[in-house]
Amino acid sequence: MDTIVSFFLNDKPVRIPPGTSPTMTLLDWLRGPGRLTGTKEGCAEGDCGACTVVLERHGRRMPVNACLLLLGQLHRRRVRTVEGLGGAHPAQTLMAESDGTQCGFCTPGIVMSLYAHAQEGGDPHEALAGNLCRCTGYRPILDAIARLPPEPPSCGQDEAPPAARFETADQVFHLPNRLADLLDLRAADPAAWLLAGGTDLGLRVSEHRERPPSVICVQNVPDLSAIESRPEGLVVGAAVPYRDLLALCEAEAGFEPLRPYLGRLGSRQIRSLGTVGGNLGTASPIGDMLPPLVALGARVRLASRRGERVLPVEEFLLDYRRTALAEDEVILSVFLPRPPAGRLFVVEKLSRRHDQDISAVAMAATLDVADGVVRGARLAFGGMAATARRAEATEAALLGRPLAEESFAAAAEALRLDFSPLSDWRGSAEYRLAAAGGLLRRLFWRAAAKDLPHDVMSVPAPHAPAFAAGTA
Amino acid sequence: MDGDLKARNRTVGAALRHDSARKHTTGEAAYADDLPEPPGLLHAALVPSPVAHGRILDLDLSPALAVPGVVMALGPADIPGKNDISSSGRSVEPLFAEGLVEHWGQTLALVLAETRDAALLGARAVRPRIEALVPVLRIEEALERQQLLLPPMVMARGDAQAALAAAPRRLSGEFRCGGQEHFYLEGQIAIAIPGEDGEQTVISSTQHPTEVQHIVSRVLGCDYNRITVECRRMGGGFGGKESNASWIAAAAALGARATGRPVKLRLPRKADIAATGKRHPFLYRFDVGFDDTGRVLALDATLAADGGHTLDLSGGVIMRAVTHALNCYDVPDVRITGLVAKTNTVSNTAFRGFGGPQGALLMEEVLHRVAAATAQHVDAARERNFAGGPNGGETPYGQPLEGDLIRRVWAEAKADARIEQRRAEIAAFNAAHPYLRRGLGGFALAFGISFGLLHLNQAGALVHVYTDGSIRLNHGGTEMGQGLFIKVAQVVAEVFGVPIERVGITRTSTAEVPNTAPTAASTGSDLNGWAAHAAASAIRGRMAEVAAEQWNVPADEIRFEDGLVRHGNRAMEFGDLAELCWKKRVSLSATGFYRTPDLSWDPVAMKGRPFFYFSYGAAFAEVVVDTLTGEHRVLAADLVQDCGRSLNPAIDRGQIEGGFVQGLGWLTCEELWWDKEGRLRTLGPSTYKIPGSRDVPPALRVRLLDSAPARVETIFRSKAVGEPPLLLATAVWNALRDATGLAALDLPATPERVLMALRAKG
């Protein structure tokens, strides 16, 4: 049993002195005792990316927000900060040469995102979604990305970490590595924070400056980190980060529509840490993962020392941030039934900004159409009620109706029977109803006119820019 | 002055990168919070008001003192000088609320502790007793109650009422735009370090070190010479650290005075957004008279700014809004009334453009309405009403505009954007698609350059040449990322004919260059460039005399170039001449001073020449709108910006692109949202959405206007570029209207506002 937090920082071993709070954020530690001030605090809520550092696991680089990461979570892991790039990494030289810096405060975080992107590749906007820049207008940064030489993942498998327990006068942080131990800890201390990636709970430390007396971190329990692909669907461990789920959806028949949707869930930084189990456990009405789980008829597997049970996600979500999870239980995994070929599966999200924004309204829909008639529909919405849930009256209004614009327009009117949304800064009640109706009407065009550009992001620019051509 | 070196320029005009670019990418560039903390440092936190409006019954600070680690808590009674942080000096604006609280988040007190967490906990422990009063949150409501922070400001020419009555056609309108949070990535911060004899060194993230010095001194009740303010760089400013940095610093200095220990006040993001001012939201009402050709003949408009609870810089903001209300257009008979409403919100302040962006929206709305009424395209109405040419060429305040440059930037942007071809493509797309709609919008701009407050148009510099030929440059301008330091260094390198590497850039300090103006109003390089030029030229003149004496030739034939000093076939290293000067006991140090010439302003008549010159620009933007959801996206933008003869095209391009995207945010996705109690609920990047990389138009084309040296004697005939490009984003508003056919679309044009306007239209 390890009792001292230790990790590799820029390839050098670090041991955190006993007595240090195991829930201190990595950002506070770096800028304070660590004396590494290259990593900046811009917001302390995981949204601006100025604190981006890279976790290196199994030879892969994962950008994370140092403001959300607690020291205990870092145990036996490898962290790289901007000081650990040596000063002449292409992410650094290209940013300088492209005039990609103005005030420079966001730059170390952007450099670290680019360092990760050199290995990760993919959409440059996804690489930058977690990094705000207020000066440059991003064009020169996109230029730098376009010129960034790809770097292959290094080989290597990190060792499975031993169990750990970090204790100070007023705090204890558990890092179990076996399910049985996790269940014992949970039963013994139901008030402890159950921490997966910490993208929600981390805020309470980083922003609200809380010091939880007791934390049980599930990240090292193998049972919660497993992914299994079966013909009938996917079993996704509760502690699987979105980053891995996203990669899985790219390759799994029937789940492809989840890929672009997950690409808008948080940022790469958030997806490196955030988990499906965390989204379920938090049960926020605007948790992005919940509408697709409800629409697919996903089932959640819960475990305690008393045994295991399985609940449909719809029954698991009780109310605003309230679930059926008993105080001695943990979420083990979730099963996502595979949509059969021919079933239309659509996931949509409306937000003020396309990337890294919390949805005003999210919709997940499955649609079965035979002979031009809607034979099956499951419609789940987020942002419309105290929890993500199905629109049953709207579904009923669609069933048996012809696949025609009028059917969907009529069904959109039924949304008022299903939902009385709240007004807040993400949208008024009227807007939420109107926009949800718009998503439903757009669903028709997705079903009926597959070749159309269906949304504003699908319309190509009238003349191509230099940086779009060089997508890494 | 030798302001136009033309082809001899080696350094000026070069696309050099930001002087700190490499350090930015390695993390070595140090911001205030990165500096090693002095021993004994205390951390401070603000106690915010929990209500938007109320009478303070009791402010008991003892609960803060009960928190372990808290050392002291300070309220209004603990201020040795004045409880006044007003930057204009035209009203009293308290550091700590006394008697009344007037906005949610207003500072009530300061808590000092051994750690930042203890300070924050201590501040949270204070539970002020406040008798809540009804807050006034909307401009309309403030106007009804006649709650104004300033007397109305009226700019008029001719007789607008008579001309309206005589105009063949008339219409009226009303619309709104929202405010904007600066969202500088580095939040407000100051570190006050006490010294001997009541001295303090204040490290402040500020655009205005001199004002920090003044306000710290006012709050402490000491002479200015006790306070030295320093700033090496800011992590963004955008106007948000023009006046607001001063009270943050004053609070830290107060803590240092009270405890005798260094004090750091670094605001958490939410506290920063709650307690610091923003761009002014505006309400517009207008009557316009025009003829059937779309020529605007008469305009009577009221621009009402939401000033928040105190004046701050609102006087300057409304002045710029009023003087930019006609933008680059001519209206013969006009009356523009500027109002600053008092509401129970945070006091609004400078933000890139300083009222200019809000002012320039007026004619966009007017021209859209007039074009619709006369069945012509809005761009035809624009061209019909440009100042100059067949129309009047003077602003209503009597300063001439350059009609040829307005038409030139407009024509070039049109050509770049290939608008005829694009309009045809767009029409075909719109006819074929069931619900997506594309649109194209244009915009043209004349933006006046100079501080509206005449006396601010001055700058100082201090240049030393050392005997190895290295140069130390200091001036009153501050670096917030805009590249001022490299531009001014280029000027100095040019004067001495040395490589840029010989010029050492140093932090701004009130101890080196005193009595400065803020780095604001786009004037940084205009003012400080000339001041540094003056200092360098004075030294060069003395050095030339020494060289002339050495070679026995006339001093005016000595040339400084390529790191050498030359005459005919003779040359010596610049450093060798410096050494020679020292040996000959000739001073190698000089101050430089500059004041902008030929400015005048009568604030009562609202007439004069308030601007040294105008910066021109034009833009076209293309958008696509989803009429089912209100989502939209800018697909392309073509920008043409007049930078005169650019001092540094790479830096200027960065300002143009960055300004445009910031303007895009203001007009589309950035929305400040207050609840009914007057609490601002968009306090961080999770709720307040500034543009991300995907929001930048995938086809963004930027061009600096070619062969257009400034027509007045600016530094090397360059033009200011900090603010004007932000206004070019107005083209996006116009494109959204083109796409949707909406006659009215308040700002910011969020997906919600677009969708609800479409549904209201039916």
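Listing for the model above:
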| item | result |
| --- | --- |
| Number of positions in region B:706-752 that are farther than 26 Å from B:Arg279 by Cα and not in a strand (DSSP E or B) | 16 |
| Criterion: open to solvent by 10 Å² or more (accessible area, probe 1.4 Å) and assigned to a loop (DSSP other than H, G, I, E, B) - qualifying residue of B:Ala538, B:Ala520 | B:Ala520 |
| B:Ala64 vs. criteria open to solvent by 20 Å² or more (accessible area, probe 1.4 Å) and part of a helix (DSSP H, G or I) | no |
| Segments classed as helices (runs of 4 or more DSSP H), wholly inside region B:74-174, with at least 1 members that are within 30 Å of B:Asp333 (Cβ to Cβ), open to solvent by less than 30 Å² (accessible area, probe 1.4 Å) and in contact (Cβ under 8 Å) with a residue 24 or more places away in the chain | B:139-144, B:160-166 |
| Test for A:Ser359: is it polar (S, T, N, Q) and open to solvent by 10 Å² or more (accessible area, probe 1.4 Å) | no |
| Which listed residue is within 30 Å of B:Gly483 (Cα to Cα) and part of a loop (DSSP other than H, G, I, E, B), from B:Glu677, B:Glu657, B:Glu671 | B:Glu671 |
| Residues within region B:466-487 that are within 14 Å of chain A (Cβ to nearest Cβ) and either open to solvent by 10 Å² or more (accessible area, probe 1.4 Å) or of a type outside the set (S, T, N, Q) (or both), tallied | 9 |
| Residue satisfying all of: in region B:706-762; of a type in the set (Val, Ile, Thr) and away from chain A (no Cβ under 14 Å); nearest to the chain's Cα centre (by Cα) among these | B:Thr730 |
| Candidate set: region B:406-425, residues that are touching a residue at least 24 places away in the same chain (Cβ under 8 Å) and either surrounded by 21 or more Cβ atoms within 10 Å (Cβ to Cβ) or not in a helix (DSSP H, G or I) (or both); chosen: the one farthest from the other protein chains (Cβ to nearest Cβ) | B:Ile406 |
| Where a residue in region B:676-701 is on the phi < 0 side of the Ramachandran plot and its partner, wherever it lies, is open to solvent by less than 30 Å² (accessible area, probe 1.4 Å) and of a type in the set (Lys, Arg), with Cβ under 7 Å and at least six apart | B:Gly684/B:Arg269; B:Lys689/A:Arg353; B:Ile690/A:Arg134; B:Gly692/A:Arg353; B:Asp695/A:Arg353; B:Val696/A:Arg139; B:Leu700/A:Arg139 |
| Restricting region B:695-705 to residues that are assigned to a loop (DSSP other than H, G, I, E, B) and farther than 18 Å from B:Phe447 by Cα, the residue that is farthest from the other protein chains (Cβ to nearest Cβ) | B:Pro697 |
| Residues of region B:635-654 satisfying the condition of being in a helix (DSSP H, G or I) and crowded, with 24+ Cβ neighbours inside 10 Å | B:Ile651, B:Asp652, B:Arg653, B:Gly654 |
| Residues of region B:533-556 classified as among the hydrophobic types (A, V, I, L, M, F, W, C) and within 42 Å of the chain's Cα centre (by Cα), total | 7 |
| Elements of type helices (runs of 4 or more DSSP H) in region A:54-170, at least 1 residues being farther than 18 Å from A:Asp355 by Cβ and open to solvent by less than 10 Å² (accessible area, probe 1.4 Å) | A:90-97, A:107-120, A:139-146 |
| Any chance B:Arg116 is touching a strand residue (DSSP E or B) at 6+ places or on another chain (Cβ under 6 Å) and under 16 Å from B:Ile248 (Cα atoms) | yes |
| Qualifying positions in region A:204-244 - assigned to a loop (DSSP other than H, G, I, E, B), without any contact (Cβ under 8 Å) to a residue 24 or more places away in the chain, open to solvent by 60 Å² or more (accessible area, probe 1.4 Å) and more than 30 Å from B:Leu121 (Cα to Cα) | none |
| Any hit, region A:110-123, residues being of a type in the set (D, E, K, R) and facing chain B (nearest Cβ under 8 Å) | no |
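Residue-by-condition table, conditions (1) charged (D, E, K, R); (2) touching a helix residue (DSSP H, G or I) at 6+ places or on another chain (Cβ under 6 Å); (3) open to solvent by 30 Å² or more (accessible area, probe 1.4 Å); (4) at pLDDT below 95:
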site	(1), (2), (3), (4)
A:Gly277	no, no, no, no
A:Ile286	no, no, yes, yes
A:Pro291	no, no, no, no
A:Glu308	yes, no, yes, no
A:Glu315	yes, no, yes, no
A:Pro339	no, no, no, no
A:Leu344	no, yes, yes, no
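The values are calculated or read from the model by the stated rules, or taken from the named source; none is laboratory data. Model, not experiment: these values are computed from the prediction. Note: ideal-geometry Cβ built from the backbone for every residue, glycine included; neighbour counts use all protein chains shown. The protein model used for the area step is the full one, side chains on, heavy atoms only, and it has no ligands, DNA or RNA in it. Shrake-Rupley method; radii C 1.70, N 1.55, O 1.52, S 1.80 Å.
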